[in-house]
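Let me begin by presenting the structure, written as structure tokens, before commenting on it.
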Amino acid sequence: MNAIFAVVFLLSALLFLLFDPNGFLSALLSGAQKSAVLALSLLFVYCVWLGFFKVMEQSGLSAKLSRRVYPLAKKLFRSSDQDALLLASENLSANFLGLPGAPTPLGIRAAEKFCAAKNDYAADMLFVLNATSLQLLPTTVIALRLAAGSAAPADIFLPTLISTLFSTLLGALLVRLTAKRRKK
């Protein structure tokens with residue numbers, strides 16, 4: 001993938017130099033400045049939300065939320081491994097709250113436990129639920145829209161909720177259907 005991006009960048013730079021040699025350097029520097037501003041904006045958003053998640057963990061709010069999700073997780077993942085289910089529940093809770101970066105280590109540990117127990121179905125379901133990521137608060141996208149100068153960055157709240165709900169339900173259904181076919 002890096003090779004493809006490198007080729008695209010080099011071809012674009014070559015064409016830019018051929019057709020507008022005077023504008024090349026200013027466009028390059030302007031793009032670099034915009035990417036640095038965007039990266040810093042995302043860094044700050046990640047820091048705030050990861051700090052928020054740490055406070056949630058230390059206050060016990062994260063554990064309470066994951067206990068509420070636990071019965072659903074038990075049905076979704078068809079597992080009896082309590083540690084893996086708790087990790088998966090915390091992962092789903094963090095994804096639902098749109099906490100960027102926080103669900104990843106939880107999901108990795110849960111997937112490792114599911115794989116160690118040879119529960120491919122649970123690992124597949126966890127992967128799909130993370131990929132579709134039902135989100136109540138799309139914090140990263142709101143931050144990107146804010147950094148890009150959007151007049152109403154939170155306008156995507158309802159469309160994001162509806163689309164992630166649909167993709168999550170469809171993904172979970174497809175995992176269930178394909179798991180039944182693999183057993184036959």
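The values are calculated or read from the model by the stated rules, or taken from the named source; none is laboratory data. Predicted model, so just to flag it, every value in this text is computed and none were measured. Cβ coordinates were reconstructed from backbone atoms using ideal geometry, including for glycine residues, and neighbour counts include every protein chain displayed.
Structure values in brief
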| quantity | calculated |
| --- | --- |
| Neighbours by Cβ (under 8 Å, 6+ apart or cross-chain): first from the stretch 106-125, closer than 15 Å to residue 89 by Cα; second in a loop (DSSP other than H, G, I, E, B) and of a type in the set (S, T, N, Q) | 114/79; 122/79 |
| Residue tally, condition touching a Ser or Thr at 6+ places or on another chain (Cβ under 9 Å) and of a type outside the set (D, E, K, R), over the stretch 72-92 | 9 |
| Single condition residue 124 does not satisfy, out of (1) crowded, with 16+ Cβ neighbours inside 10 Å; (2) modelled with pLDDT under 90 | (2) |
| Criterion violated by residue 114 - all others in (1) assigned to a helix (DSSP H, G or I); (2) more than 21 Å from residue 69 (Cα to Cα); (3) not polar (S, T, N, Q) satisfied | (2) |
| Sole residue being of a type in the set (Asp, Glu) and closer than 24 Å to residue 66 by Cβ, chosen from 120, 155 | 120 |
| Residue in the stretch 45-55 that is of a type outside the set (Ser, Thr, Tyr) and within 22 Å of residue 169 (Cα to Cα) present | no |
| Residue list for the stretch 96-117, restricted to those being under 19 Å from residue 175 (Cα atoms) and at pLDDT below 90 | 107 |
| Neighbours by Cβ (under 8 Å, 6+ apart or cross-chain): first from the stretch 128-153, surrounded by fewer than 19 Cβ atoms within 10 Å (Cβ to Cβ) and in a loop (DSSP other than H, G, I, E, B); second among the aliphatic types (A, V, I, L, M) and at pLDDT 85 or above | 136/161 |
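The rows are residues; the columns are (1) modelled with pLDDT under 85; (2) farther than 30 Å from residue 77 by Cβ; (3) aliphatic (A, V, I, L, M); (4) touching a helix residue (DSSP H, G or I) at 6+ places or on another chain (Cβ under 8 Å).
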{"residue": "134", "(1), (2), (3), (4)": "yes, no, yes, yes"}
{"residue": "139", "(1), (2), (3), (4)": "yes, no, no, yes"}
{"residue": "145", "(1), (2), (3), (4)": "no, yes, no, yes"}
{"residue": "160", "(1), (2), (3), (4)": "no, no, no, yes"}
